[in-house]
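The values are calculated or read from the model by the stated rules, or taken from the named source; none is laboratory data. It should be emphasised that the depicted structure is a prediction, and the values quoted were computed from it without experimental measurement. All Cβ positions, glycine included, derive from the backbone under ideal geometry; neighbour counts span all protein chains shown. All accessible areas refer to the heavy atoms of the entire protein, side chains included, with ligands and DNA or RNA removed. Shrake-Rupley method; radii C 1.70, N 1.55, O 1.52, S 1.80 Å.
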Amino acid sequence: MSEQNKVEQKWFFKSNMFGPPKSEQFEWTPDEFKQFQSKYPHLCEDYTRQGDDHLITPFADYDRNYATEEDLPDEETEQKIRTEVTEDFRSLFLNENFSLITAYREKGFASSKKLNKQTGKLEEKGKWKISFRMWAHGLHTTRRELQNMMQ
């Protein structure tokens, strides 16, 4: 393929998976990724900007909500939940040549602000929850295939 007809590959990232909704966003070539990624310790792929057939790293986002603080699981129960969910996620893949990367949010009250359409004001709401994410680093799939696997 001539240099003129070569398609430049671009990857999309957010600077922080757990950061504010307006986290910095990047559109990098593989060379730019190698050059800049170490400056962002919480960098993650921005899957929402990818097409359904774009290759991505398989991931899972797990949240469990509770009515009150008293309903939150104790440490032992929370660890059992993490173990079960992690094993379920691993079982989706026949290939074991990947490393599992996990990120856990401390259990507690997760607040969010929602716009009240009637008053036009932001209202603080939230839930008691446990939350964590997993990535199968070293594997690739498409958004479409991942959605089918996770149903």
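Straight-line cross-link reach from Lys127 at under 12 Å between alpha-carbon atoms covers these aspartates and glutamates, not counting any fewer than eight positions away in the same chain: Asp63, Glu69, Asp71. Taken along the Cα-to-beta-carbon direction at a fixed 7 Å, the label points for Arg144 and Thr68 span 4.9 nm. The calculated FRET efficiency for the pair Tyr40 and Glu124, based on their C-beta separation and a Förster distance of 22 Å, comes to about 0.15. Among Glu145, Glu124, the order of accessible area from largest down is Glu124, Glu145, computed with a 1.4 Å probe on protein heavy atoms. Past 30 Å, Cα to Cα: identify those pairs from Lys34/Lys129; Lys39/Lys107; Lys34/Lys114, in the order given. Result: Lys34/Lys129; Lys34/Lys114 exceed 30 Å.
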